[in-house]
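Engineer: Starting off with a structure, shown below.
The values are calculated or read from the model by the stated rules, or taken from the named source; none is laboratory data. Predicted, not measured: the structure shown is a model, and the values here were computed from it. Here Cβ is always computed from backbone atoms with ideal geometry, including for glycine, and neighbour counts include all displayed protein chains. Note: accessible area is taken over every heavy atom of the protein model, side chains too, but ligands, DNA and RNA are not part of it. Shrake-Rupley method; radii C 1.70, N 1.55, O 1.52, S 1.80 Å.
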Amino acid sequence: GRRDLAQLNHPGIVTLYEFGKTSAGRYFILMEFVDGLNLRQLLAAGRLAPREALAIVPPLCDALQYAHDRGLIHRDIKPENILVDRLGRVKIADFGIAKLSSTSGSSGRSGERGRPDSETIGHSTVGVGTPAYMAPEQRTTPDQVDHRADLYALGVVLYQMLTGELPAAGQLRPP
C-alpha cells in the first residue's frame with residue numbers, strides 16, 4: 001500500500017522519502033521540501049490572472065496522469081495540496097488519503113460499472129476528501145471513486161482560480 005506512494009517519482013508530485021512509526025509510537029513522514037507557497041496562500045492574495053491559472057493546470061494534469069497510470073487516485077485535490085515553488089514549478093502534495101486501484105501498473109481506471117477493487121492508503125474510504133472539492137460520487141459512494149474524482153476536483157480548483165470563489169452548491173452537476 002504505502003510503499004507505492006514512495007515510488008511515485010514525478011517532478012509534479014512531492015517526493016515521499018520515508019514514513020513509519022518511531023519506537024515511541026509517533027508516526028512520521030519524511031518528504032521533499034518545496035520552497036514556495038501552496039495555492040490557498042496564493043489565492044488569499046486575490047484572484048490569479050487567467051494566464052497564471054491556466055499555466056498551473058497542465059503540470060497538474062501531467063502529475064495526476066502519472067499517478068493514475070500507476071493506479072493511485074489522490075482524492076483530495078484542493079489548493080492546500082497544490083504547491084508552487086519560487087521558480088513557478090507546480091507540485092501535488094499529500095497523497096495521504098490516496099486510493100490504490102487493483103489495476104495498479106495498468107491504466108489505473110476501473111470499469112464503468114460495478115465496484116472497483118481497491119485499497120485506501122491511509123484512511124477509511126468513508127467521508128474522505130474536502131467537501132467543497134469532492135465529486136458527487138465521492139460523497140455518495142466513496143468506495144467506487146476512480147480517477148475522474150481527481151479531475152472533478154481539479155475543475156473546481158480551476159474555477160476557483162479564475163473566479164476567486166467556489167462554485168455554488170449544485171452548480172457543477174454530473175453529466
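Engineer: What are the residue pairs meeting all of these: first residue in the stretch 29-45, first residue more than 14 Å from residue 81 (Cβ to Cβ) and part of a loop (DSSP other than H, G, I, E, B), second residue modelled with pLDDT of 95 or more and open to solvent by 90 Å² or more (accessible area, probe 1.4 Å), Cβ atoms under 6 Å, and 6 or more apart or on different chains?
Structural biologist: Matching pairs, first to second residue: none at all.
Engineer: Now, a different point. Hey, among the residues in the stretch 131-159 that are in contact with a Ser or Thr (Cβ under 9 Å, 6 or more places away or on another chain) and among the acidic types (Asp, Glu), which one's least open to solvent (accessible area, probe 1.4 Å)?
Structural biologist: Step by step, filter the stretch 131-159, then rank; the result is 146.
Engineer: Sticking with this structure for a sec: What residue, among those in the stretch 17-39 that are surrounded by 13 or more Cβ atoms within 10 Å (Cβ to Cβ) and modelled with pLDDT under 85, is farthest from residue 56 (Cα to Cα)?
Structural biologist: Selected residue: 19.
Engineer: Kindly check whether there is at least one residue in the stretch 7-25 that is in a strand (DSSP E or B) and β-branched (Val, Ile, Thr).
Structural biologist: yes
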